[in-house]
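Can you read through this structure? Questions will come right after.
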DNA sequence: TGCCAGGCGCACA
DNA sequence: TGTGCGCATGGC
């Protein structure tokens, strides 16, 4: 939520470019607030963030989504891709197994979508995420962008905003300077990853065209990238829907619900997740993650299509 | 003050 | 191959 009075931040309409998409089963609040992405701020019914170095305002509507940004905007493909507006959620849900635990989570949080984040931003963000709370990750990334990103155009009356710093910028940064953002021991990981991208030993764009195990293995070669971070990048940044990140919350729910509380190793849980939940296991993971993390905060939506399918 | 967080690397058994 | 600990930081 934004800190200031939202009414004062409303942009001057005619100066902004606007685009709408008709899309169903899309809950913007859930999608931007579920912990898969760290740079969006809610301001009433609006969400304000930065995508591909552009200031963006999003608003949910009765038939879909509306977006506004600072012109010129030759094409909106970049934002459509980011928001994944072309994906029918029903197609995803139809692949899920008849599993009570998952169907309950879907019923509670239907409309939660996965974004397709810029790969470098996704990798850098999740490198900084280890052993931190989501709120702390947001703070660190905000400081990182303020200090190392470039100022971008924002509408009149809005606070300044910065792009996410590219690998070229961070590859030459000093560790002690990065640590001032509050990232601690993760600073060296970030610098090494940036250097790998810059020197070409890690080609993130090429990884999109590789099979999931190949892309995952390439990410695992980076210092500071373990199975969980690699799967987050595969899922949120590279578009591998079969990736199944196992963090503390997902491990907890899997052990509780599927293994009788036994201490199964995270890698075994990831294998189970990919096999049991199918080609969109990553989507299932995000529903289980959000459901477990917000346990007890939302009632089941009685009559939800997910439950009506019978499970 | 202690615990824990969208983990990971490393030493050791 | 599995286990335990240290690593920075900040909120509760």
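Only one of A:217, A:206, A:187 is in a helix (DSSP H, G or I), within 15 Å of DNA strand B (Cβ to nearest atom) and more than 17 Å from residue A:174 (Cα to Cα). Can you tell me which? Spell out how you get there, then give the answer.
Values: A:206 fails: within 15 Å of DNA strand B (Cβ to nearest atom); A:187 fails: more than 17 Å from residue A:174 (Cα to Cα).
Step by step, each of A:217, A:206, A:187 is checked, and only A:217 is in a helix (DSSP H, G or I), within 15 Å of DNA strand B (Cβ to nearest atom) and more than 17 Å from residue A:174 (Cα to Cα).
Further question on the same structure: List the helices (runs of 4 or more DSSP H) that sit entirely inside region A:68-162 and contain at least 1 residues that are free of Cβ contacts under 8 Å to residues at least 24 places away in the same chain and more than 30 Å from residue A:197 (Cα to Cα).
Details: elements: A:77-83, A:89-93, A:100-109, A:119-127, A:134-148.
By residue number, A:89-93.
Moving on to the next point. Of all the residues that make up region A:53-72, how many are exposed (fewer than 14 other Cβ atoms within 10 Å of the Cβ) and under 19 Å from the mean Cα position of the chain (by Cα)?
Result for region A:53-72: 0.
Would you mind telling me which numbered condition in (1) within 16 Å of DNA strand B (Cβ to nearest atom); (2) at pLDDT below 95; (3) not in a loop (DSSP other than H, G, I, E, B) residue A:284 fails?
(2)
Failed condition for residue A:168, given (1) within 16 Å of DNA strand B (Cβ to nearest atom); (2) under 19 Å from residue A:125 (Cβ atoms); (3) part of a helix (DSSP H, G or I), with all others met?
(1)
Restricting attention to region A:1-32, and to residues there that are at pLDDT below 95 and part of a helix (DSSP H, G or I), which single residue is surrounded by the most Cβ atoms within 10 Å (Cβ to Cβ)?
Checked region A:1-32; the qualifying residue surrounded by the most Cβ atoms within 10 Å (Cβ to Cβ) is A:9.
Looking at (1) within 16 Å of DNA strand C (Cβ to nearest atom); (2) surrounded by fewer than 17 Cβ atoms within 10 Å (Cβ to Cβ); (3) farther than 28 Å from residue A:267 by Cβ; (4) in contact (Cβ under 8 Å) with a residue 12 or more places away in the chain, can you tell me which one residue A:198 breaks?
With respect to (1) within 16 Å of DNA strand C (Cβ to nearest atom); (2) surrounded by fewer than 17 Cβ atoms within 10 Å (Cβ to Cβ); (3) farther than 28 Å from residue A:267 by Cβ; (4) in contact (Cβ under 8 Å) with a residue 12 or more places away in the chain, residue A:198 is out only on (1).
Also: From A:246, A:253, A:225, which residue is out of contact with any strand residue (DSSP E or B) (no Cβ under 8 Å at 6 or more places or on another chain) and away from DNA strand C (no atom under 16 Å from the Cβ)?
A:253
Could you please find all residues in region A:201-217 being in contact (Cβ under 8 Å) with a residue 12 or more places away in the chain, surrounded by 11 or more Cβ atoms within 10 Å (Cβ to Cβ) and under 17 Å from residue A:121 (Cα atoms)?
Matches in region A:201-217: A:202, A:204, A:207, A:208, A:215, A:216.
Looking at (1) surrounded by fewer than 18 Cβ atoms within 10 Å (Cβ to Cβ); (2) at pLDDT below 95, can you tell me which one residue A:43 breaks?
If we test residue A:43 against (1) surrounded by fewer than 18 Cβ atoms within 10 Å (Cβ to Cβ); (2) at pLDDT below 95, just (1) comes out false.
The values are calculated or read from the model by the stated rules, or taken from the named source; none is laboratory data. What you see is a predicted model; the values in this text were computed from it and never measured. Quick reminder, even Gly has a Cβ in these numbers, built from the backbone with ideal geometry, and neighbours come from all protein chains shown.
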